[in-house]
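Engineer: This structure is in C-alpha cells; I'll ask about it shortly.
The values are calculated or read from the model by the stated rules, or taken from the named source; none is laboratory data. What you see is a predicted model, and the numbers here were worked out from it, not measured in a lab. As a convention, Cβ positions derive from the backbone with ideal geometry for all residues, glycine included, and neighbour counts pool all protein chains shown. Side chains included, ligands, DNA and RNA excluded: accessible areas come from the protein's heavy atoms. Shrake-Rupley method; radii C 1.70, N 1.55, O 1.52, S 1.80 Å.
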Amino acid sequence: MPSMRSLRLINFVTILSLFLTAAPAPAPAPASNAEFIRANCEHTLHPKVCYQSLKPYANVVKKELYRLAKVSIGLSLTRNKFISSYVENLTRQAQPEPRAAEALSDCVSMLGIVERDMQNSVKQMQQLTGTGEELRYQLDNVLTWITAARTWQEDCTDGFEGVSNTALKADVFGRVEQAKNVTDIALDFVAALVDKAGPVLP
Ligand SMILES: *[C@@H]1O[C@H](CO)[C@@H](O)[C@H](O)[C@H]1NC(C)=O
Ligand SMILES: *[C@@H]1O[C@H](CO)[C@@H](O)[C@H](O)[C@H]1NC(C)=O
C-alpha cells in the first residue's frame, strides 16, 4: 500500500506536470534543415540569394546559427576569390582608357584585402571558444573584419565612377555585386550571433 506521504508526492508531481503542460509552448523547431536556412535567410538583406546559395549546405548547418554563419563566411571568401581572379584577368586585357585600367587594378588590390579579412574571419570562426564576454569579443572581431571587407568591395565599384566604358562597368558591377550580396548575408548572420552571444557554443 502506498503511504500517505508517497500519495502526496504523486499528487504534487501530477499538479506540477499539469502546470508545466499549461505553460506556453516553446517556439516550434524548424521542420527541416532546409527550413531552418529559409527561416534565417528571411532576416537577411537578400533572402532569395541567401536561400539559394546556402540551401546546399543545409545538412552541414544542421539548424545551428553559428554553423550557418561559418558556412556563409566561407561562401563569401570563395565567391570573392573567384571574382578577384575574374577582375584580375580583365586587367590583362588592353584597356584603351587609362581610368579603366586604374580602376581595375585598384579593384584587384582591394579584393585582395577582402580576401585577407574573410580568411581571418574563417579562422576565427573555427576557433570560437568560451562564452559570454570572451565569445562576444571573438565575434566582434569577425564583425569588424566582414564590415571592413564589405567596405572594400564598395570602394572597388566606386572606383569606376567616371569610367566611360559602360560594358566593362556593367560587367564588373554585376560580378562584384554577387560578392557583395554574400558578404552582406555573412554579416547579417554574424550580427545575429553577436545578438545571442551568451549561450554556450558547442
Ligand atoms: C543582390 O541582391 C539584390 C537585392 O537583394 C538583388 O536584387 C540582386 O539580384 C542580387 N544580385 C546578385 C548578383 O546576386
Ligand atoms: C583567369 O584566367 C586564368 C588563366 O587564363 C583562368 O585559369 C581562370 O579561370 C580565369 N578566372 C576567371 C574567374 O575567369
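Engineer: So THR129 ticks every box in (1) away from ligand 2 (no atom under 16 Å from the Cβ); (2) assigned to a helix (DSSP H, G or I); (3) loosely packed, with under 14 Cβ neighbours inside 10 Å but one. Which box is left unticked?
Structural biologist: The one condition THR129 does not meet is (2).
Engineer: Identify all residues within the range 84-94 that are among the hydrophobic types (A, V, I, L, M, F, W, C) and either out of contact with any Lys or Arg (no Cβ under 9 Å at 6 or more places or on another chain) or within 7 Å of ligand 2 (Cβ to nearest atom) (or both); write none if there are none. Give the derivation first.
Structural biologist: Just the residues of the range 84-94 that are among the hydrophobic types (A, V, I, L, M, F, W, C), to begin with: 87, 90, 94.
If the condition is that a residue be among the hydrophobic types (A, V, I, L, M, F, W, C) and either out of contact with any Lys or Arg (no Cβ under 9 Å at 6 or more places or on another chain) or within 7 Å of ligand 2 (Cβ to nearest atom) (or both), then LEU90, ALA94 are the ones that fit.
For (1) in a helix (DSSP H, G or I); (2) surrounded by 21 or more Cβ atoms within 10 Å (Cβ to Cβ); (3) within 13 Å of the chain's Cα centre (by Cα), each residue gets a yes or a no:
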{"residue": "GLU35", "(1), (2), (3)": "yes, no, no"}
{"residue": "ALA39", "(1), (2), (3)": "yes, no, no"}
{"residue": "ALA69", "(1), (2), (3)": "yes, yes, yes"}
{"residue": "SER76", "(1), (2), (3)": "yes, yes, yes"}
{"residue": "ASN89", "(1), (2), (3)": "yes, no, no"}
{"residue": "GLN93", "(1), (2), (3)": "no, no, no"}
{"residue": "CYS107", "(1), (2), (3)": "yes, yes, no"}
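Engineer: Mind checking which residues of the range 134-168 are surrounded by 13 or more Cβ atoms within 10 Å (Cβ to Cβ) and among the aromatic types (Phe, Trp, Tyr)?
Structural biologist: Across the range 134-168, the qualifying residues are TRP145, TRP152, PHE160.
Engineer: Another question about this same structure. Can you tell me which condition GLU97 does not meet? The list is (1) under 23 Å from ALA186 (Cβ atoms); (2) at pLDDT below 95; (3) open to solvent by less than 60 Å² (accessible area, probe 1.4 Å), and all the others hold.
Structural biologist: (1)
Engineer: Within the range 75-97, can one find any residue that is within 16 Å of ligand 1 (Cβ to nearest atom), under 30 Å from SER32 (Cβ atoms) and of a type in the set (Lys, Arg)?
Structural biologist: Scanning the range 75-97, I find at least one residue that is within 16 Å of ligand 1 (Cβ to nearest atom), under 30 Å from SER32 (Cβ atoms) and of a type in the set (Lys, Arg), so the answer is yes.
Engineer: Please find, within the range 171-199, the residue that is nearest to VAL87 (Cα to Cα) out of those that are open to solvent by 50 Å² or more (accessible area, probe 1.4 Å) and within 12 Å of ligand 1 (Cβ to nearest atom).
Structural biologist: If we take residues in the range 171-199 being open to solvent by 50 Å² or more (accessible area, probe 1.4 Å) and within 12 Å of ligand 1 (Cβ to nearest atom), then ARG175 is nearest to VAL87 (Cα to Cα).
Engineer: Let me ask another. Just checking, does the range 43-62 include any residue being on the phi > 0 side of the Ramachandran plot and either open to solvent by 70 Å² or more (accessible area, probe 1.4 Å) or among the charged types (D, E, K, R) (or both)? Full working, then the answer.
Structural biologist: Looking only at the range 43-62, we keep the residues that are on the phi > 0 side of the Ramachandran plot, and these are 62.
In the following step, the residues that additionally are either open to solvent by 70 Å² or more (accessible area, probe 1.4 Å) or among the charged types (D, E, K, R) (or both) were identified as 62.
There is at least one residue in the range 43-62 that is on the phi > 0 side of the Ramachandran plot and either open to solvent by 70 Å² or more (accessible area, probe 1.4 Å) or among the charged types (D, E, K, R) (or both).
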